1. If you take each beta carbon of peptide B:101-111 and count the beta carbons of other chains within 10 angstrom, what is the mean?
2. Looking only at other chains, what is the average number of their beta-carbon atoms within 10 angstrom of each beta-carbon in B:129-135?
3. Using only the alpha-carbon atoms, what does the range B:94-136 span along each of its principal axes? Please give whole angstrom values in decreasing order.
4. Rounded, prolate or oblate for chain A? Axes are the square roots of the Cα gyration tensor eigenvalues, ordered a ≥ b ≥ c, and the cut-off for rounded is a/c under 1.5.
5. Given the rule -39500 (n - 2.57) for each run of at least 4 DSSP H residues, summed and divided by the residues of the protein assembly as shown, what is its mean residue ellipticity at 222 nm, to the nearest 500 deg cm²/dmol?
6. Among B:Ala23, B:Ala136, B:Thr53, pick out the residue whose Cα is farthest towards the positive end of the charge dipole of chain B, where Lys and Arg carry +1 and Asp and Glu carry -1 on C-beta, about the Cα centre.
7. Given a 1.4 angstrom probe, I'd like the percentage of the accessible area of the protein assembly as shown that is carbon and sulfur, rounded to a whole number.
8. Given a 1.4 Å probe and the protein chains all in place, what does the accessible area of A:Ser112 round to, in Å² to the nearest 10?
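The values are calculated or read from the model by the stated rules, or taken from the named source; none is laboratory data. As the structure is a prediction and not an experimental result, all values here were calculated from the model. A quick note on method: Cβ atoms are made from the backbone with ideal geometry, for glycine too, and the neighbour counts reach across all protein chains shown. Each accessible area value is taken on the protein alone, full model and side chains, heavy atoms only, with ligands, DNA and RNA left out. Shrake-Rupley method; radii C 1.70, N 1.55, O 1.52, S 1.80 Å.
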Protein chains: 2
Amino acid sequence: MSDLLERLRDRGWRLTAQRRVVAEVLNGDHVHLTADEVHERAGRLLPEISRATVYNTLGELVALGEVLEVSTDGRAKRYDPNARHRHHHLVCTNCRTIRDVPADETTDAPPSGDCFGFRISDVEITYRGLCPDCQAKA
Amino acid sequence: MSDLLERLRDRGWRLTAQRRVVAEVLNGDHVHLTADEVHERAGRLLPEISRATVYNTLGELVALGEVLEVSTDGRAKRYDPNARHRHHHLVCTNCRTIRDVPADETTDAPPSGDCFGFRISDVEITYRGLCPDCQAKA
DNA sequence: GCCAGTCTTAGAACTAGTCTAAGTATTGAG
DNA sequence: CTCAATACTTAGACTAGTTCTAAGACTGGC
């Protein structure tokens, strides 16, 4: 994750305590936190961090392509630091857990039929179903 | 669309002017309106209809499986009456236009690799790219 | 036509996110 | 190391989208 801070500095970022903390909170591969969750966790490390700064920093990370924005339900957006490996999402319809699942040529193929003249640049797939835990409880 | 009203009555729905109007506004196959757009159009036909009623009716239609909820951006949910034909969505990254694109066995296949034990019941695909109009303007 | 109970209403409340203006702190120059 | 320029952060007001509430209105079965 220090690589990330390096990359950001190279892009002209000032390295502030707040940005460090947001980057640290987002560390991990199957992390899909909402902005409020990021704010809450960042607040444990740096109590005076403001919500606006968390939103600003997340927005900047997304703009730089370091973090992905995921909106699998119509609620709060989630922030996914796993931007280096193309992947899709498994979402549990019961407990809303999210897991990354690798993308491949098959999943990323454009639709077989008519694309109505669209020039497709990205394919985003959400697989919905029951996670193992929720299957066990059912 | 009168079929829809029939089906709803069969399920014990009271047929009120408001519900008729919401159903009528949603008529069509490539319609992806926000709740506010539905409210605005419904208001032209029945000026005193309230926003709460529009939300209630849309929610009920979704619960009954007659209408799909689509959240392709992190903004307002859109309501898609094309629930009878499995399909995915093409979204223009520039003008945000949405088009339906038919689903088939290929698009609806579960991920080829490990599903982490999930029992997948639905696949939802968003293809992002430039629509013909926006390509022409670019 | 009457009544029970469902549906609708206006507006308040809530959640997620953005904006603003003033203050603070990082960094590069000297 | 110090300083100034200016990028960054802050609290809190504001907006959009949606849900809730309590009171009144209307539908459909009798």
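1. Mean number of neighbouring Cβ atoms from other chains: 5.
2. Averaged over the peptide's residues, the number is 4.
3. 44, 18, 14 Å, listed from the longest principal axis down.
4. Oblate, since a/c reaches 1.5 and b/c is not below a/b.
5. -10000 deg cm²/dmol
6. Checked the options; the winner is B:Thr53.
7. 46
8. 90
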